[in-house]
Amino acid sequence: MLAMTSLLITSLFAAALSFQNTISRYLFALGRDGLLPRALGSTDPVHRSPRLACRSYTVGALVFIAIAVLLHLDPYTILYSWLAAASAIGILIVQLLVCLAIVRFFGRDRRGTTAWQSRFSPVLSIIGLGGFLLLALANLSLLTGDDTREVWLIPCAFVVVALLGWWRSARLGANTPSSFLSAVSE
């Protein structure tokens, strides 16, 4: 039992550290590109790490934890499970969008790639990832360990974020890379 508890605690710590690193890097990149406040895109002068992005994530995580405490939510069965499910769904969505971007990019410029590399492989990945995403959504209560209707706030949050991202990119004129880069550099 002690070994199992130790493994569970270390794996939860590793997952939390991974989330910290990944989200901090995304916040840094989005700040650097001007899609979020530019201060998030700054680095520590000594360590060159995204200090403000990292601290912003930490503050956000503490806010989520404080809300969970105020609502008397079990930190493992609700908070961690919901965020892990949201992360899994988010990764599937990002990978699916990357595959769509590959098909679109190589549809315009083959760059010496084969049909397998530019079309067939990404399309098979789209089908597979889309299937996994549908399975995850169909079994959301299993994925989160929660069979209440509130778990549907997770996919709704992705829709809201996607709409906000689309709106922001439209405001920046991000339809072409050159107009996006000029909008970001303003």
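Applying the Karplus parametrisation 6.51 cos²θ - 1.76 cosθ + 1.60 with θ = phi - 60° to the phi angles of the range 26-33, what ³J(HN,Hα) value in whole Hz is obtained for each residue in order, glycine and proline being reported as x?
Per-residue couplings from phi come out as 5, 4, 4, 5, 5, x, 4, 8 Hz.
Let me check the size of the chain from its C-alpha atoms; what are the radius of gyration and Dmax in Å?
When restricted to the Cα atoms of the chain, Rg and Dmax are 19.5, 58 Å.
Per residue, what volume in Å³ does the Cα convex hull of the range 19-72 take up?
Taking the convex hull of the Cα positions in the range 19-72, it is 76 Å³ per residue.
For a quick protection proxy, order the peptides 63-71, 120-128 by their average other-Cβ count within 10 Å, most packed first.
Listed from highest to lowest mean packing, they are 120-128, 63-71.
Give the whole-number value, in cubic angstrom per residue, of the convex hull volume spanned by the C-alpha atoms of the range 55-123.
Dividing the Cα hull volume of the range 55-123 by its residues yields 115 Å³.
³J(HN,Hα) across the range 85-100 via Karplus (A = 6.51, B = -1.76, C = 1.60, θ = phi - 60°), whole Hz, x for Gly/Pro?
5, 4, 5, 4, 5, x, 5, 4, 5, 4, 5, 5, 5, 5, 4, 5
With θ set to phi - 60° and the Karplus curve 6.51 cos²θ - 1.76 cosθ + 1.60, what are the ³J(HN,Hα) couplings of the range 155-166 in order, to the nearest whole Hz, using x for Gly and Pro?
x, 5, 4, 5, 5, 4, 5, 4, 5, 5, x, 5
For Val123 paired with Arg25, estimate the spin-label separation in nm (one decimal), with each label point 7 Å from Cα along the Cα-to-Cβ line.
For the pair Val123/Arg25, the computed spacing is 3.2 nm.
Each value in this text was obtained by applying a stated rule to the coordinates, not by laboratory testing. Keep in mind that what you see is a predicted model, and the values were worked out from it rather than measured. Note that we place each Cβ from the backbone using ideal geometry, even for glycine, and neighbour counts take in every protein chain shown.
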